[in-house]
Ligand SMILES: Nc1nc2c(ncn2[C@@H]2O[C@H](COP(=O)(O)OP(=O)(O)OP(=O)(O)O)[C@@H](O)[C@H]2O)c(=O)[nH]1
Ligand SMILES: [Mg+2]
């Protein structure tokens with residue numbers, strides 16, 4: 001297994017050349033955080049820092065939801081002239097607006113019926129009170145599950161994050177953008193090119209490695225197994241004191257049994273090198289696929305246990321309601337949203353900002 005280092009060190013073999021590994025271990029790297037034993041909160045802090053920064057960037061996060069905003073603009077019109085006698089008609093139209101925005105039938109009914117109950121009980125007496133209740137209802141749905149939207153990186157280095165999902169959803173791109181964010185916070189990041197199916201896949205990740213100034217472990221030879229690339233990367237991460245190893249994987253259909261089995265081997269291989277790893281298995285879901293993402297997420301979750309979601313392409317034709325459906329139906333937190341193809345276009349998910357963005 002060769003380990004490719006695009007920056008200063010070219011092709012060393014970790015297995016056969018432990019001398020190189022030792023050299024790398026002692027190489028000073030001033031730019032990164034120090035993580036002493038007393039700083040057990042290093043990873044917690046890293047996850048939180050990233051989240052806080054995003055709050056400054058709310059507009060950018062949800063500029064992509066213009067379609068959703070248009071669909072939901074009807075809510076303001078409906079509520080502006082609302083009076084008690086029109087309740088059924090207004091709630092019917094609200095239901096339609098939510099469905100068109102991909103809220104999904106289950107959630108839509110939940111929201112509309114809870115509003116109806118409060119209106120009839122006299123708790124909501126004006127259009128603006130109904131809108132506030134609607135926003136609160138959506139926010140509650142997004143936050144009620146006791147799930148953490150910050151990255152959970154554990155307390156031991158290196159933390160290992162696997163990125164999984166169906167073909168073309170944005171795994172490699174999201175991994176690159178995530179590496180950029182983590183690097184900016186001072187973490188020492190290693191990438192692992194675990195997509196061994198497509199010849200061009202590791203080239204694509206190498207471009208991201210160069211762009212973000214990260215090192216990368218790639219497969220040696222065409223027949224290398226994904227699980228062995230990932231386990232080599234985690235070994236190197238351990239030996240060379242990396243903070244985080246980000247593992248890319250091949251796109252696979254959730255209905256393809258043997259490919260899903262391969263994902264289990266990847267997870268096991270990583271855990272063998274570092275018990276407890278991976279710390280996070282993030283599933284990438286393409287926001288433009290709407291509610292079709294639900295069965296994908298369910299299947300991946302059943303097979304490998306998904307710890308967080310990255311919803312991509314929200315800058316495109318995605319409809320925001322699917323975010324609510326995914327969180328409610330699966331109980332898995334959305335940790336990041338992809339809002340473009342650039343290096344900065346991955347934002348931590350902030351439920352409150354999201355609700356304010358779709359119901360301005
Ligand atoms: N507009 C937009 N495009 C994105 C986003 N994320 C990824 N893409 C694009 O989607 C395409 C597929 O992205 P990849 O990262 O290669 O997807 P993947 O899941 O790794 O694909 P496979 O490895 O083939 O399964 C690329 O053209 C990306 O630039 C996003 O948030 N917004
Ligand atoms: Mg890929």
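The values are calculated or read from the model by the stated rules, or taken from the named source; none is laboratory data. Computed from a predicted model, the values in this text were never measured in an experiment. All Cβ positions, glycine included, derive from the backbone under ideal geometry; neighbour counts span all protein chains shown.
Kindly indicate which of 235, 267 is more than 23 Å from the chain's Cα centre (by Cα), buried (at least 18 other Cβ atoms within 10 Å of the Cβ) and in contact (Cβ under 8 Å) with a residue 24 or more places away in the chain.
Sole residue among the options that is more than 23 Å from the chain's Cα centre (by Cα), buried (at least 18 other Cβ atoms within 10 Å of the Cβ) and in contact (Cβ under 8 Å) with a residue 24 or more places away in the chain: 235.
Kindly indicate whether residue 276 is under 20 Å from residue 157 (Cα atoms) and assigned to a loop (DSSP other than H, G, I, E, B).
Answer is yes for this residue.
Suppose the filter is touching a helix residue (DSSP H, G or I) at 6+ places or on another chain (Cβ under 7 Å), away from ligand 2 (no atom under 16 Å from the Cβ) and modelled with pLDDT of 90 or more; does residue 323 pass it?
No: the conditions fail for residue 323.
If we scan region 245-262, do we find a residue that is assigned to a helix (DSSP H, G or I) and within 16 Å of ligand 2 (Cβ to nearest atom)?
The answer is yes, given that some residue of region 245-262 is assigned to a helix (DSSP H, G or I) and within 16 Å of ligand 2 (Cβ to nearest atom).
For region 15-134, give me every one of the helices (runs of 4 or more DSSP H) that falls completely inside it and has 3 or more residues that are surrounded by 15 or more Cβ atoms within 10 Å (Cβ to Cβ) and at pLDDT below 85.
18-26, 42-54, 58-62, 66-80
Against the condition touching a helix residue (DSSP H, G or I) at 6+ places or on another chain (Cβ under 8 Å), more than 16 Å from ligand 1 (Cβ to nearest atom), within 22 Å of residue 337 (Cβ to Cβ) and not in a loop (DSSP other than H, G, I, E, B), how does residue 236 come out, does it pass?
For residue 236, the condition - touching a helix residue (DSSP H, G or I) at 6+ places or on another chain (Cβ under 8 Å), more than 16 Å from ligand 1 (Cβ to nearest atom), within 22 Å of residue 337 (Cβ to Cβ) and not in a loop (DSSP other than H, G, I, E, B) - is not met.
Starting from residues that are modelled with pLDDT under 95 and surrounded by 23 or more Cβ atoms within 10 Å (Cβ to Cβ), keep the ones in region 196-217 and report whichever is farthest from residue 312 (Cα to Cα).
Within region 196-217, the match that is farthest from residue 312 (Cα to Cα) is 196.
Is it true that some residue in region 305-322 is surrounded by fewer than 22 Cβ atoms within 10 Å (Cβ to Cβ) and closer than 19 Å to residue 195 by Cα?
No, region 305-322 contains no residue that is surrounded by fewer than 22 Cβ atoms within 10 Å (Cβ to Cβ) and closer than 19 Å to residue 195 by Cα.
Kindly evaluate residue 224 against the criterion of being within 14 Å of ligand 1 (Cβ to nearest atom), more than 20 Å from residue 284 (Cα to Cα) and over 20 Å from the mean Cα position of the chain (by Cα).
no
From (1) without any contact (Cβ under 8 Å) to a residue 40 or more places away in the chain; (2) within 30 Å of residue 194 (Cα to Cα), pick out the condition that doesn't hold for residue 136.
(2)
For the subset of region 240-262 comprising residues that are under 24 Å from residue 152 (Cβ atoms) and more than 16 Å from ligand 1 (Cβ to nearest atom), which member is surrounded by the most Cβ atoms within 10 Å (Cβ to Cβ)?
Per the stated criteria, the residue is 245.
Restricting the search to region 303-333, which residues are within 13 Å of ligand 1 (Cβ to nearest atom), touching a residue at least 60 places away in the same chain (Cβ under 8 Å) and either over 28 Å from residue 76 (Cα atoms) or touching a strand residue (DSSP E or B) at 6+ places or on another chain (Cβ under 6 Å) (or both)?
Across region 303-333, the qualifying residues are 310, 312, 313, 314.
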